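The values are calculated or read from the model by the stated rules, or taken from the named source; none is laboratory data. Small disclaimer: the values here were computed from a predicted structure and weren't measured. Note that we place each Cβ from the backbone using ideal geometry, even for glycine, and neighbour counts take in every protein chain shown.
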Amino acid sequence: MVVKHRLADASYWVYDRSRHTRAFEAASEPGTATDFSGFERKQYAVLVTFRRDGTPVPTPVWFALLDGRRFMTSTERRTGKVRRIRSDPRVRVFPSDPRGKPLGPTVEGVARLIDGGDEGERAEDALDRKYGRARRIYERVMTRSEDMLYVEIVPAT
């Protein structure tokens, strides 16, 4: 367990240092899109959560769309984005490259954490269909399945 946490922490550090500068600029701009149609055929997205002082924090993520209306991703329950979502469920998402460079319009949304159950299984199935073996290997090496949560995002109305 400790080894996986250290590997995950090291990878988070590398990802944070290699984030595209445009990700930070886009994270500060309000959303212009009202749905997730700009995410179709994209492999990555940036999930923007907000610190208590309102500072946006952009994080590139793997994602899948459910019913075209719900954006789903997974994360470890100990991450900063989980703490920020618990404090403020308001989020932004935009399609991106792996480093977070924006590739489409931003959607303002509301996040909800899902801890397993039928909804968690549906989210996992959608993510698995989209990413397959590469994601399964990454998740197995970097995390423990019992430490995972799913994040559902719906467009803000």
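Points to keep in mind about this one:
- Taking the range 37-46 as the range and being surrounded by 18 or more Cβ atoms within 10 Å (Cβ to Cβ) and not aromatic (Phe, Trp, Tyr) as the test, the residues that pass are 38, 45, 46.
- Residue 91 vs. criteria buried (at least 16 other Cβ atoms within 10 Å of the Cβ), aliphatic (A, V, I, L, M) and in a strand (DSSP E or B): yes
- Yes/no for residue 21 being polar (S, T, N, Q), modelled with pLDDT of 95 or more and farther than 20 Å from residue 149 by Cβ: no
Matching residues to (1) part of a strand (DSSP E or B); (2) modelled with pLDDT of 90 or more:
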position	(1), (2)
4	no, no
7	no, no
26	no, yes
45	yes, yes
72	yes, yes
82	no, yes
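- Residue list for the range 47-70, restricted to those being at pLDDT below 95, surrounded by fewer than 18 Cβ atoms within 10 Å (Cβ to Cβ) and not in a strand (DSSP E or B): 67, 68, 69
- Flag if residue 120 is at pLDDT 95 or above and surrounded by 13 or more Cβ atoms within 10 Å (Cβ to Cβ): no
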